[in-house]
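**Q** If you scroll down you'll find the structure; I have some questions about it.
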Amino acid sequence: MAMARLKVGVLISGRGSNLQALLDAAASPAFPAEIALVISNVPGAGGLDRARAAGVPVATLDHRSFGKGVDGKAGFEAALQSALEGAGARIVCLAGFMRLLSPAFVARWQGRLINIHPSLLPAFKGLDVHAAMIRAGVKIAGCTVHFVSAEMDAGPIIGQAAVPVLPEDTPETLAARILAEEHRLYPECVRRLALGQASIGAGGAVTLAGSAPSGALLNPPPSR
Ligand code: GRF
């Protein structure tokens with residue numbers, strides 16, 4: 001009998017290209033996780049069509065319909081919680097989900113809630129990071145998959161991918177180069193998590209088991 005795959009809920013707000021990478025990975029029966037539900041807080045988000053095309057159940061929970069303030073947020077998160085529980089989700093992936101989750105929600109999913117961010121954290125947290133990286137003149141950029149903590153973009157790091165920043169880069173070209181790596185990194189991190197190969201150690205950092213990389217990215221590259 002095939003082993004049960006870990007059920008994953010994915011939260012989105014937009015086009016869902018990272019969701020697509022997860023759907024594509026999970027299309028293989030050998031992948032140790034399956035996408036059980038996709039939830040968007042934005043009605044009509046492009047990612048919803050990607051989920052439907054893959055035969056994955058979708059839900060739209062428009063945060064605005066729950067009202068403003070603390071009560072609105074609590075109502076929205078209660079609806080998220082019951083949808084995720086209803087789908088049997090064991091881990092939750094944020095994939096371009098543009099709402100900040102409350103400390104209470106984050107605590108409930110501690111060690112089971114992960115996010116992808118388009119920088120090499122802890123550098124360049126927040127929004128508009130591609131322009132910020134170009135302004136700062138960094139020569140290597142990248143993306144990070146991390147556990148979500150109450151503080152934004154600050155939880156324990158599971159995995160990272162690095163790309164060079166080129167002299168002619170615009171925020172758009174850099175974003176595209178990073179995004180291609182996001183699509184490789186996110187499924188790999190979910191795989192490690194599902195296999196129990198990414199666990200938060202006593203010091204609060206993630207220890208990775210399994211295969212490790214070799215080689216380094218240098219920019220400028222060594223000349224011969
Ligand atoms: C990605 O760049 C991701 O790192 C960030 O939001 C973007 C979402 O893109 N958190 P997509 O919706 O997955 O295409």
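The values are calculated or read from the model by the stated rules, or taken from the named source; none is laboratory data. Small disclaimer: the values here were computed from a predicted structure and weren't measured. For neighbour counting, all protein chains shown are included, and Cβ atoms are generated from backbone atoms with ideal geometry for every residue, glycine included. SASA here: full protein model, heavy atoms, side chains in, ligands and nucleic acids out. Shrake-Rupley method; radii C 1.70, N 1.55, O 1.52, S 1.80 Å.
**Q** At 222 nm, what value in deg cm²/dmol follows for the chain if DSSP H runs of at least 4 each add -39500 (n - 2.57) and the sum is divided by all its residues, to the nearest 500?
**A** Value at 222 nm, helices only: -10500 deg cm²/dmol.
**Q** Any idea what diffusion coefficient the range 16-77 gets from Stokes-Einstein, in µm²/s, Kirkwood Rh on alpha carbon pairs, 25 °C, 0.890 mPa s?
**A** Result for D is 192 µm²/s.
**Q** Sticking with this structure for a sec: Once the Cβ-Cβ distance between Arg99 and Arg184 is put in as r, and R0 is 25 Å, what FRET efficiency do you end up with, to the nearest 0.05?
**A** With a Förster radius of 25 Å, E is 0.45.
**Q** Moving on. How charged is the neighbourhood of Pro220? Take every other residue with its Cβ under 15 Å from the Cβ of Pro220, and add Lys/Arg as +1 and Asp/Glu as -1.
**A** 0
**Q** Here is a follow-up. Please list 3J(HN,Hα) in residue order for the range 212-217, calculated via the Karplus relation 6.51 cos²θ - 1.76 cosθ + 1.60 where θ = phi - 60°; whole Hz, with x for glycine and proline.
**A** Each residue's phi maps through the Karplus curve to give 10, x, 10, x, 9, 9 Hz.
**Q** Another question about this same structure. Using the C-alpha atoms of the range 123-187, what convex hull volume per residue, in cubic angstrom, is computed?
**A** 78
**Q** How large, in percent, is the carbon and sulfur part of the accessible surface of the range 71-224 at a probe radius of 1.4 Å?
**A** 57
**Q** Shifting gears a bit: Amide H neighbours of Val206 under 5 Å, at least 5 residues apart or on other chains, H built in the peptide plane: list them.
**A** For Val206, the qualifying residues are Ile157, Gly201.
**Q** May I pose another question? Looking at the chain, identify the longest residue range that excludes and avoids all GluC sites (Glu not before Pro) in DSSP loops having at most 14 other Cβ atoms within 10 Å.
**A** Free of exposed loop sites, the longest segment is 1-150.
**Q** Over the chain, with the other protein chains present, what is the accessible area per residue in square angstrom, probe 1.4 angstrom?
**A** Heavy-atom SASA per residue in the chain reads 51 Å².
**Q** Here is a further query. Apply the Karplus curve 6.51 cos²θ - 1.76 cosθ + 1.60, θ = phi - 60°, to the phi angles in the range 183-192 and return the couplings in whole Hz, x for Gly and Pro.
**A** Taking θ as phi minus 60°, the curve returns 5, 8, 6, 4, x, 5, 5, 5, 4, 4 Hz for the range 183-192.
**Q** While we're on this one: List, in order, the whole-Hz ³J(HN,Hα) value for each residue of the range 72-87 obtained from phi through the Karplus relation with A = 6.51, B = -1.76, C = 1.60 and θ = phi - 60°; use x for Gly and Pro.
**A** x, 5, 5, x, 4, 6, 5, 5, 4, 4, 6, 5, 5, 5, x, 8
**Q** What residues have an amide H closer than 5 Å to that of Gly142, excluding those fewer than 5 places away on the same chain, when H is modeled at 1.01 Å from N in the peptide plane?
**A** Sorted by chain and number, the residues that satisfy this are Leu120, Val163.
**Q** Hey, got the dipole for the range 93-224? About the Cα centre, +1 on K and R Cβ, -1 on D and E Cβ, debye to the nearest 20?
**A** Computed charge dipole of the range 93-224: roughly 300 debye.
**Q** Another question, then. Amide H to amide H, which residues 5 or more places from Ala154 or on other chains are under 5 Å from it, using H placed in the peptide plane?
**A** Correct list: Ser149.
**Q** Next question, about the same structure. Seen from all sides and averaged, what is the projected area of the convex hull of the Cα atoms in the chain, in nm²?
**A** Hull-based average projected area comes out at 14.4 nm².
**Q** Which whole-percent values make up P(r) of the range 105-224 when all C-alpha to C-alpha distances are grouped in 5 Å steps starting at zero?
**A** 2, 11, 20, 21, 19, 13, 9, 4, 1, 0, 0
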